[in-house]
Amino acid sequence: MDAIETLMNEHRLIESACGALTAFADEARRASADDKAELARFVTFIREFADGHHHGKEEDILFAAMIDAGFSRQAGPVAVMLMEHDQGRAYIRALGELAVKQEPWSSEDRQQLAGAARGYEQLLRAHIHKEDVILYPMACQRLPPEALARVDAACAAYDAKHAASDGDRLENLAGELLGRHSSPGRDGPAAHRVGGCC
């Protein structure tokens, strides 16, 4: 499996986690009890897998290779993806603050939770679509074969290091979160499998 295919398969899991987060936030908005521990679990998964692992590979490996090949970091598709990664981090900071809040959640906190979760899901779904149908195919078309081979090798090494350290923990966490909060009509993490473009 090449790096692009792996990244696209990770997108399916991230989309499912975003849907589960929104379902959890909607439940929390209607409930009277706080579930800060569960929100903290979502924040952990998103920070460590979606941002740390997935976005780490994109930013440190794929986007870096694209910039080396002449793509701009300040304008154009790579710049937009980097900006949207930062926007996602702002949503996750807001969710993280709610997860560690000492006082019980107020109705405003619950609204903020629902708004941040929905905003993050909408951002990530649109962002992932742009990567899947525009950025990744562009990388496959414009990066020379040797650069693509280096991206594949670097991503494989990154994945191997991740699997050795905490891959099982994050996969188990994702499975638990999706099992508890997947809403009807939303796809599970294995619902879509896509081929790489390279």
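All of the numbers you see were taken from the coordinates with simple rules; none came from a lab. Predicted model, so just to flag it, every value in this text is computed and none were measured. Glycine gets a Cβ as well: all are built from the backbone with ideal geometry, and neighbour counts include every protein chain shown.
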**OP:** Would you mind checking the tilt of helix 168-181 against the longest principal axis of the Cα atoms of the chain, expressed as 0 to 90 degrees and rounded to 10?
**Re:** 50
Subject >> FRET efficiency, residue 160 to residue 82 (Cβ-Cβ, R0 25 Å, nearest 0.05) >> reply: 0.50
Original post:
How far is the Cα center of region 59-83 from the Cα center of region 17-54, in Å?
Top reply: 29
Subject >> Full-extension gain in nm, residue 103 to residue 118, via 0.36 nm per residue minus C-alpha separation >> reply: 3.1 nm
Subject >> Tilt relative to the chain, helix 77-99 - C-alpha long axis, 0 to 90 degrees, to 10 >> reply: 20
**OP:** Provide the gained length on full extension for the span residue 75 to residue 134, in nm with one decimal, where the gain is 0.36 nm per separating residue minus the Cα-Cα distance.
**Re:** 19.7 nm
Subject >> Signed unit charges on C-beta, dipole axis of region 23-100, positive-most listed residue 50, 91, 76 >> reply: 91
**OP:** Rank by packing, highest mean first: peptides 5-11, 108-114, with packing defined as the count of other Cβ atoms within 10 Å averaged across residues.
**Re:** 5-11, 108-114
**OP:** Compute the long axis of helix 145-162 from its Cα atoms, compare it with the longest principal axis of the Cα atoms of the chain, and write down the angle in degrees, 0 to 90, nearest 10.
**Re:** 40
**OP:** Tell me what the chain gives for mean residue ellipticity at 222 nm when only DSSP H runs of n ≥ 4 count, each as -39,500 (n - 2.57), the sum divided by the residue total, rounded to 500 deg cm²/dmol.
**Re:** -22000 deg cm²/dmol
**OP:** Compute the FRET efficiency between residue 111 and residue 180 as 1/(1 + (r/R0)^6), taking r as their Cβ-Cβ distance and R0 = 25 Å, and round to the nearest 0.05.
**Re:** 0.70
**OP:** Taking semi-axes √(5λ) of the Cα gyration tensor in Å as the quantity of interest, determine which of (i) 32, 17, 15; (ii) 38, 22, 11; (iii) 29, 18, 14 was computed from the displayed structure.
**Re:** (i)
Original post:
How high is the relative contact order of the chain, in percent, counting Cα pairs under 8 Å that sit 6 or more residues apart?
Top reply: 49
**OP:** Which order do the peptides 140-150, 45-55 take when ranked by the mean count of other beta-carbon atoms within 10 Å per residue, highest first?
**Re:** 45-55, 140-150
